[in-house]
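Reading through the structure tokens given below for one structure.
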Amino acid sequence: MTHTTEFPSSVNARSLLLPYTLILLGSMLAIQAVIALAGGEITLLAGVLTAVVGAGILLWVWRNYRQLTHVRFGLAIAHAIAFAAVTTSFNLHAALHTMSLSSGGADLESAAQVMLAGPWFGATLLMSGAWGLGLLIHLIGSILGRGWED
């Protein structure tokens, strides 16, 4: 008796995930430009735009769910791309902002105080930590499912 495991038909991962990645990177660059134009402050507009990007990610996953389940680790990869694009953009901006504060006459302690006592704390440390934990759980689940989440 032969037992064969049937895997879902494959989807071109490049044509599915590359446009998603590029649009997400462009969106995050635009949000970081808005923050830079606001003097490096995370304003309500930046928060709303980030929420719009989050809603866009959810909508894209919902619209492409079937195709993503036909790519091995597809949902996990989409999740990892979103995590990397969003959190890296905020963390890099925070690092550059901190360096500019410290080189602009403020000492490093004052620059750190600005970053840790304001909205940057949530946009960097809290978001990266909470989302990173969720991503780790998702990746472990994907590994246990051998890459198929359907």
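Under the condition of being aromatic (F, W, Y) and without any contact (Cβ under 8 Å) to a residue 24 or more places away in the chain, the residues counted in the stretch 28-71 number 2.
Only one of the numbered conditions (1) of a type outside the set (A, V, I, L, M, F, W, C); (2) closer than 21 Å to E149 by Cα; (3) open to solvent by 70 Å² or more (accessible area, probe 1.4 Å) is violated by S103, and that is (2).
Sub-8 Å Cβ pairs linking a first residue in the stretch 13-27 that is closer than 12 Å to G74 by Cβ to a second residue that is at pLDDT below 95 and outside any helix (DSSP H, G or I), at least 6 apart or interchain, are A13/V71; L16/V71; L17/V71, ordered by first then second residue. Going through (1) touching a Phe, Trp or Tyr at 6+ places or on another chain (Cβ under 8 Å); (2) of a type in the set (A, V, I, L, M, F, W, C); (3) open to solvent by 70 Å² or more (accessible area, probe 1.4 Å) one by one, A78 falls short only on (3). Condition test on F73, is it open to solvent by 60 Å² or more (accessible area, probe 1.4 Å) and among the hydrophobic types (A, V, I, L, M, F, W, C)? In short, yes. Name the residue that is surrounded by the fewest Cβ atoms within 10 Å (Cβ to Cβ), counting only residues in the stretch 81-100 that are modelled with pLDDT of 90 or more and among the polar types (S, T, N, Q). Here the answer is T88.
The values are calculated or read from the model by the stated rules, or taken from the named source; none is laboratory data. These numbers were taken from a predicted model, which means no experiment stands behind them. We place every Cβ from the backbone using ideal geometry, glycine too, and count neighbours over all the protein chains shown. The area values use the complete protein model at the heavy-atom level, side chains included, leaving out ligands, DNA and RNA. Shrake-Rupley method; radii C 1.70, N 1.55, O 1.52, S 1.80 Å.
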